[in-house]
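Here is the structure we will look at, set down as structure tokens.
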Amino acid sequence: QVQLVESGGGLVQAGGSLRLSCVASGRAFDTYVVGWFRQAPGRERAAFVATISSSGGTTYYADSVKGRSTISRDDAKNTVYLQIDSLRPEDTAVYYCAVGRELRFVLKEYAYWGQGTQVTVSS
């Protein structure tokens, strides 16, 4: 069993930056793939944002954040980070992290996910 807690969200002006954190409890965190997803207001499903392999050597980003976002992990702290720069109002969403054994681009294909952290970008 893995429990995930996201933090770092908040209200920020367009053009600003945020670093979201995802802290995991449980063992063998370094064996998990970790993904970030976001669910915008009015949307039924969470959309893929970024993912990082268990080794940290492979990352993927959604086109919507590519070039202004960085996913990274610190396994000593059981933590994965998502840095997003040049924030836009369309980045407003609840952001979730998720862990699993294989790299996936759909939230429900991960084994565990957290409760989310709200990010609101004002124009």
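The values are calculated or read from the model by the stated rules, or taken from the named source; none is laboratory data. All of these numbers come straight from a predicted model, not from anything done at the bench. Ideal geometry is used to build each Cβ from the backbone, glycine not excepted, and the neighbour counts take in all protein chains shown. Protein only, heavy atoms only, side chains kept; ligands, DNA and RNA dropped before computing areas. Shrake-Rupley method; radii C 1.70, N 1.55, O 1.52, S 1.80 Å.
Need one number: nm distance between label points at SER53 and LYS108, each 7 Å from Cα along Cα→Cβ, rounded to one decimal.
2.8
Under a 5 Å amide H to amide H cut-off, with H placed in plane at 1.01 Å, what residues pair with TYR112 once short-range neighbours are removed?
VAL99
Would any residue of the range 19-34 have its amide N under 12 Å from a label point 7 Å out along Cα→Cβ of ARG101? List them or say none.
Inside the label zone: 32-33.
Send over a whole-number figure in Å² for the accessible area per residue of the range 79-123, probe 1.4 Å.
50
Among the trypsin sites (Lys or Arg not before Pro) in the range 64-123, which ones are in a DSSP loop with at most 11 other Cβ atoms within 10 Å of the Cβ? Mind listing them?
Qualifying residues, ordered by number: LYS66, ARG101.
Would you give the gap between the C-alpha center of the range 92-123 and the C-alpha center of the range 10-30, rounded to a whole Å?
Cα centroid to Cα centroid, the span is 10 Å.
With +1 assigned to the C-beta of every Lys and Arg and -1 to the C-beta of every Asp and Glu, and no other charges, what is the dipole magnitude of the range 1-110 about the Cα centre in debye, to the nearest 20?
80
Can you compute 3J(HN,Hα) from phi for each residue in the range 8-14, using the Karplus curve 6.51 cos²θ - 1.76 cosθ + 1.60 with θ = phi - 60°, rounded to whole Hz and x for Gly and Pro?
Using θ = phi - 60°, the values come out as x, x, x, 9, 9, 7, 4 Hz.
Mind checking the log10 I(q)/I(0) for the chain at q = 0.14 Å⁻¹? Debye, one equal scatterer per Cα, no solvent, two decimals.
Values returned for q = 0.14 Å⁻¹ are -0.51.
Roughly how many nanometres apart are two label points built 7 Å out from the Cα toward the Cβ at ALA40 and GLN1?
Label at ALA40, label at GLN1, 3.6 nm between them.
Counting only C-alpha contacts under 8 Å and six or more residues apart, can you give the relative contact order of the chain as a whole percent?
36
Report the full-extension gain for the segment ARG27 to ASP85: residue separation times 0.36 nm, less the Cα-Cα distance, to one decimal in nm.
17.7 nm
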